[in-house]
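Participant: So that we are looking at the same thing, I have put the structure below in structure tokens.
The values are calculated or read from the model by the stated rules, or taken from the named source; none is laboratory data. Note that the coordinates shown come from a computational prediction; the quantities given were computed from them, not determined experimentally. Using ideal geometry, Cβ is built from the backbone for each residue, glycine included, and neighbour counts are taken over all protein chains shown.
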Amino acid sequence: MLRSILTPSRPSQSVLRTTLRSNIPLHLSRPFSSSVSVMSNQTQKLKPAARVQGQKKDVWSMINEAAASSPIQPIVNLGQGFFGYNPPDFILNAAKEALDRVECNQYAPAKGRPRLRKALADAYSPLWGRQLDPETEIIITTGANEGMLSAFMGFIEPGDEVIVFEPFFDQYISNIQMPGGKVVYVPLHPPETGATKNSSAADWTIDFDELEKAFTPRTKMIVINTPHNPVGKVFHKDELQKIADLAVKHQTIILSDEVYDRLFYVPFTRIANLSPEVEKLTLTVGSAGKNFYATGWRVGRS
């Protein structure tokens, strides 16, 4: 075709049109309206999936953008896990030494490095009162938030209901909605005098009649967070037992967010430790970031 177009004795315009038309693919020689239709279909294919189109900007992004645009600087962020000091030296030194080892800079197993999972099993077994199996009971995640999202994606079907106590960690909601789950809110009730006098986080209470009514045949999971963000409440053992009893009664998975499990001043009970029956229903999520002031390292566990 190129030889016929570039010949010194230039063909007439009509010959050139014929030559081009015979060599152009059929879909490019359709009327303009068809081309517009094709382009429109291609644009549709580039749109985000329906499950994410309705998601709003998270509260952290909104607050950080507002703070950055303020003429008054610096603004201290009291709502997110930013520490004003480094992790302990033994953590920093271990990380620096790890960077010099070839294997630490390569792909890790999907469940996390065996040495790390064993170290976690050894550290948490005394708190569980039994030996944890690092092969079947512990996995490493990119932060606790990914661990929770993985739990929702792995267990929630479209239309399943997930009970969440409010107020709550902002990203629970989008994580539940991603696989098509429906959030069912149950409030933590502040003390009646909370607006006029100082009170303890322990004074926030659950109406257990209200909680029981939130369970339906569609309830798949309940999320608890203790110590609680943002209230700071450490759930009492008797409160956890009542929650656990309802979960067992309705055969509901318990997702226990325990990222603050080393930051408390009163007795701290892990819901999975209440009984073997409750433990079988419980997914516990934790994080090295909060415990070692290294939230940017994004190391979580489930």
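Participant: Step by step: first the residues of region 123-156, then only those that are part of a loop (DSSP other than H, G, I, E, B) and under 18 Å from the mean Cα position of the chain (by Cα), then the one that is modelled with the lowest pLDDT. Which residue is that?
Facilitator: Ranking the qualifying residues of region 123-156, first place goes to 142.
Participant: Now for a different question. Which numbered condition in (1) outside any loop (DSSP other than H, G, I, E, B); (2) farther than 30 Å from residue 283 by Cβ; (3) of a type in the set (Val, Ile, Thr) is the only one that residue 76 fails?
Facilitator: The failed condition is (1).
Participant: For the condition in the same structural domain as residue 284 (by TED's automatic domain parsing) and in a helix (DSSP H, G or I), what is the one hit in 120, 92?
Facilitator: 120 is the lone residue from the list that is in the same structural domain as residue 284 (by TED's automatic domain parsing) and in a helix (DSSP H, G or I).
Participant: When the residues of region 251-302 are narrowed to those that are aliphatic (A, V, I, L, M), surrounded by 17 or more Cβ atoms within 10 Å (Cβ to Cβ) and part of a loop (DSSP other than H, G, I, E, B), which ends up farthest from the chain's Cα centre (by Cα)?
Facilitator: This residue is 274.
Participant: Considering only residues that are within 15 Å of residue 165 (Cα to Cα) and either hydrophobic (A, V, I, L, M, F, W, C) or in contact (Cβ under 8 Å) with a residue 60 or more places away in the chain (or both), which ones fall in region 254-267?
Facilitator: Result: 254, 255, 257.
Participant: Which number in (1) surrounded by 13 or more Cβ atoms within 10 Å (Cβ to Cβ); (2) modelled with pLDDT under 95 marks the one condition that residue 117 misses?
Facilitator: Here residue 117 clears every test but (2).
Participant: Follow-up question, since we're still on this one. Would you confirm whether any residue within region 186-208 is over 22 Å from the mean Cα position of the chain (by Cα), outside any strand (DSSP E or B), at pLDDT 95 or above and loosely packed, with under 14 Cβ neighbours inside 10 Å?
Facilitator: Yes.
Participant: Another question, if that's okay. May I ask you to verify whether residue 159 is modelled with pLDDT under 95 and assigned to a loop (DSSP other than H, G, I, E, B)?
Facilitator: No: the conditions fail for residue 159.
Participant: Is at least one residue of region 132-140 outside the structural domain of residue 231 (by TED's automatic domain parsing) and polar (S, T, N, Q)?
Facilitator: Within region 132-140 (the criterion being outside the structural domain of residue 231 (by TED's automatic domain parsing) and polar (S, T, N, Q)), the answer is no, since none of the residues qualifies.
Participant: I would also like to ask the following. State yes or no: is residue 48 within 29 Å of the chain's Cα centre (by Cα) and either of a type in the set (D, E, K, R) or modelled with pLDDT of 60 or more (or both)?
Facilitator: It is true that residue 48 is within 29 Å of the chain's Cα centre (by Cα) and either of a type in the set (D, E, K, R) or modelled with pLDDT of 60 or more (or both).
Participant: A follow-up question, please. May I ask you to verify whether residue 102 is under 28 Å from residue 232 (Cβ atoms) and surrounded by fewer than 12 Cβ atoms within 10 Å (Cβ to Cβ)?
Facilitator: It is false that residue 102 is under 28 Å from residue 232 (Cβ atoms) and surrounded by fewer than 12 Cβ atoms within 10 Å (Cβ to Cβ).
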